[in-house]
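Here, each number is a calculation from the coordinates, and none is a lab measurement. Only a predicted model underlies this, so the values are computations on that prediction, with no experimental measurement involved. Note that each Cβ is placed from the backbone with ideal geometry, even for glycine, and that neighbours are counted across all protein chains shown.
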């Protein structure tokens, strides 16, 4: 393809980002990559995530080389390069100019559901750990440089109307929807990050998007301020989302 589509999908943790990567990866015209800036993030921050040393040893840690790859020829000669990103991996030391060369999308989730899930893996998260301020920053950058709002999709709405929302998402990034995105074979993939065995147990067994199930857990009282800050960022994104 003379003008391949490079889709950078920016998410936060405890979302359906890996299922979304499975969905795009099941297309015959698409190559996917899994959190390509993770090793740089771990090396720079010094955070002790599960499999930290494995990730740093396995993945490129120089963000400049990662960016060159993300903006270069699409692997396997595919027409679409779907890039699963965690927004908080875009650290302040990373130059932003290359973002102009990509087609962007955003995957968001209700902060209450996200936080009650996140604290089970990360007991004392900061606002930056949620990826929400970074998503807003990237959104504003894209809007300022293109004059357009990239697609923003809410996880609940994807699960409630999968085909309808994926059709709208595909149209918004300039590609045709295919039913291949609705289901996939179980198991891990060669394109999964080396951390898959620590995090992807549910996705490994999945064969499609799961139906939405409401959560009734409350965010702990000591995280009231964090929830308020998350909600403010989420609302800015949510109000501009693709609608069913």
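In the chain, what % of DSSP beta bridges are antiparallel (nearest 5)? Close to 5 percent. Between segment 71-134 and segment 12-51, the alpha-carbon centres lie 8 Å apart.
If R0 equals 22 Å, the separation of the Cβ atoms of residue 71 and residue 141 corresponds to a calculated FRET efficiency of about 0.90. For segment 104-125, the residues whose amide N sits under 19 Å from a probe point set 7 Å from the Cα of residue 228 along the beta carbon direction are 111-113, 115-116, 125. Using only Cα atoms, figure out Rg for the chain and give it as a multiple of 2.2 N^0.38 Å. This ratio for the chain stands at 0.96.
Spacing of the modelled spin labels on residue 156 and residue 28, each 7 Å from Cα toward Cβ, amounts to 3.8 nm.
Could you put 97, 104 in order, starting from the residue whose Cβ has the fewest other Cβ atoms within 10 Å?
Values: 97 9, 104 25.
In increasing order of surrounding Cβ atoms, one gets 97, 104.
For the chain, the relative contact order comes to 28 percent (Cα pairs under 8 Å, sequence separation of at least 6). For segment 1-140, the fraction of C-alpha pairs more than 25 angstrom apart is 26%. Calculated mean residue ellipticity at 222 nm for the chain: -11000 deg cm²/dmol, from DSSP H runs with n ≥ 4 weighted as -39500 (n - 2.57), summed, divided by the residue count and rounded to 500.
A Gaussian network model of the chain, with springs between Cα atoms under 10 Å, assigns the largest mean-square fluctuation among 107, 132, 227 to 227.
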